[in-house]
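The values are calculated or read from the model by the stated rules, or taken from the named source; none is laboratory data. Source: prediction; values computed, not measured. Note: ideal-geometry Cβ built from the backbone for every residue, glycine included; neighbour counts use all protein chains shown. To get the accessible areas, we keep the full protein, side chains included, count just its heavy atoms, and leave off ligands, DNA and RNA. Shrake-Rupley method; radii C 1.70, N 1.55, O 1.52, S 1.80 Å.
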Amino acid sequence: MAKITTSALLKLKQQGEKITALTAYDASFAKLFADAGVEVLLIGDSLGMVLQGHPDTLPVSTAEIAYHTRCVRAGAPQAFVIADMPFMSYATMEQAFANATPLMQAGANMVKLEGGEFLLPTIKALTERGVPVCGHIGLTPQSVHVFGGFKVQGRDSAAADHILQQAIELEQAGAQLLVVECIPSALAKRISEALRIPVIGIGAGVDTDGQILVMHDLLGISSGYIPKFSKNFLQETGDIKRAISQYISDVKQSAFPGAEHSFN
Ligand SMILES: Nc1nc(=O)c2c([nH]1)NC[C@@H]1CN(c3ccc(C(=O)N[C@@H](CCC(=O)O)C(=O)O)cc3)CN21
Ligand SMILES: CC(C)C(=O)C(=O)O
Ligand SMILES: [Mg+2]
């Protein structure tokens, strides 16, 4: 497969083809996913939960994300790789510069930051310095203690309008991709239609420009609480490669997520 770039992802949206994304943390799975045709691999700070066994993502360090980014890049040289910036690693613009550097040098094509208004100058500054940025709004797990749990966001109309406004401002600040997590499907649809950049959903319904899942959820091996929006694709296929192919074809055909994996 040819190397996937930000312009290739933009073209998929413009052509109305759904973008498929999965988290990956090591070379072996990264290669399986990329060879199957998954366009975007995310080294998510979810690794704090699914690899390290913590109850949330807050203990993850930039060095740990950089290590897993090197592993993923080694296994998937052609993939579009996004690295999560961990909790408090971009609290100031200077911290964002310092911590985006090892992630890009580890092989990331883009970094992902959780948040709205406060990030606008940081996103502009990173992009100007050669670091492409993916925004992440809705349920931002690094703020789990502010939210009081992993809860659906944007349920009332004022909160929904606020999230849509954040999306528009993130795009204006230079974000080239946006993840929306755990929001009502109708809101995710409005955001995807309002933006030029691709919008990737998780727990955001079927009307986004693409989907992402935590790989352990797709394989049904997550311990503890499994989000309602996730689906075990291994159960119905019985084989890891088939599970990945099923996920890709279900996303491409808008068969996943179904209403049972969505909110509202
Ligand atoms: N295995 C795994 N899958 C994920 O999707 C995931 C992680 N880990 N770790 C990082 C974050 C945390 N995420 C989560 C975790 C729990 C819920 C959850 O329990 N959601 C409730 C919504 C309850 C409500 O407000 O209605 C649900 O029922 O799914 C959502 C996202 C998403 N990310
Ligand atoms: C769930 C995705 C979007 C994520 O941020 C992660 O895996 O950390
Ligand atoms: Mg994350």
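Given the options VAL131, VAL146, VAL38, which has the most mean-square fluctuation in a GNM of the chain, springs set between C-alpha atoms less than 10 angstrom apart? Looking only at VAL131, VAL146, VAL38, the biggest GNM fluctuation is shown by VAL146.
Checking the a/c ratio against 1.5 first, then a/b against b/c, what shape does the Cα gyration tensor give for the chain? Spell out each step's value before the answer.
Working: a/c = 1.25, a/b = 1.07, b/c = 1.16.
It comes out rounded by the Cα gyration axes.
Say a paramagnetic label sat at a point 7 Å from the Cα of SER28, along Cα to Cβ; which residues of the range 207-223 have their backbone N under 15 Å from it? Within reach of a label on SER28: 216. Rounded to the nearest Å, what's the spacing between the alpha carbon centres of the range 245-264 and the range 122-182? Just the number, please. What the calculation gives is 22 Å, centre to centre. Which of LEU51, LEU32, LEU120 moves the most in a Gaussian network model of the chain with Cα springs under 10 Å? Answer for the Gaussian network model of the chain: LEU51.
The stretch between ALA98 and ARG155 holds 16.9 nm of extra length on full extension. This uses 0.36 nm per residue minus the Cα-Cα distance.
Rounded to the nearest 20, the size of the Cβ-charge dipole of the chain about its Cα centre is 500 debye, with Lys and Arg at +1 and Asp and Glu at -1.
Cα gyration tensor of the range 46-156, axes a ≥ b ≥ c as square roots of the eigenvalues: rounded (a/c below 1.5), prolate (a/b > b/c) or oblate? Provide the component values of the computation, followed by the final result.
Details: a/c = 1.80, a/b = 1.22, b/c = 1.48.
Note, shape of the range 46-156 comes out oblate.
Which residue fluctuates the most in the chain, going by a Gaussian network model with Cα springs under 10 Å, if the choices are ASP217, ASP156, ASP209? Maximum fluctuation in the GNM of the chain, among the listed residues, is at ASP156.
Contact order normalised by length for the range 6-261, with contacts defined as Cα pairs under 8 Å and 6 or more residues apart; what percent is it?
On the way: 514 pairs, mean separation 45.2, N = 256.
Dividing the mean separation by the residue count of the range 6-261 yields 18 percent.
Surface composition of the chain: carbon plus sulfur atoms hold 55% of the accessible area, using a 1.4 angstrom probe and ignoring ligands, DNA and RNA. Couplings for the range 225-234, taken from phi via the Karplus curve 6.51 cos²θ - 1.76 cosθ + 1.60 with θ = phi - 60°, read 7, 9, x, 4, 7, 8, 9, 7, 7, 6 Hz in order; Gly and Pro are left as x.
In the structure displayed, which of LYS3/LYS31; LYS13/LYS151; LYS112/LYS241; LYS13/LYS252; LYS151/LYS231; LYS189/LYS252 lie more than 20 Å apart, Cα to Cα? Violating the 20 Å Cα-Cα cut-off are LYS13/LYS151; LYS112/LYS241. Full extension of the chain between THR237 and THR5 gives 80.5 nm of extra length, using 0.36 nm per residue less the Cα-Cα distance.
In the context of the full set of protein chains, the chain has a per residue accessible area of 41 Å² (1.4 Å probe).
Rounded to the nearest 500, the 222 nm mean residue ellipticity of the chain from helices alone is -12500 deg cm²/dmol, with -39,500 (n - 2.57) taken per DSSP H run of at least 4 residues. Could you tell me the relative contact order of the range 48-190? Use alpha-carbon pairs under 8 Å, at least six residues apart, and round to a whole percent. Computed over the range 48-190, the figure is 21 percent.
Close amide H contacts of LYS112 (hydrogens built in the peptide plane, cut-off under 5 Å, sequence separation of 5 or more or a different chain): ALA83, ASP84, MET85, CYS134.
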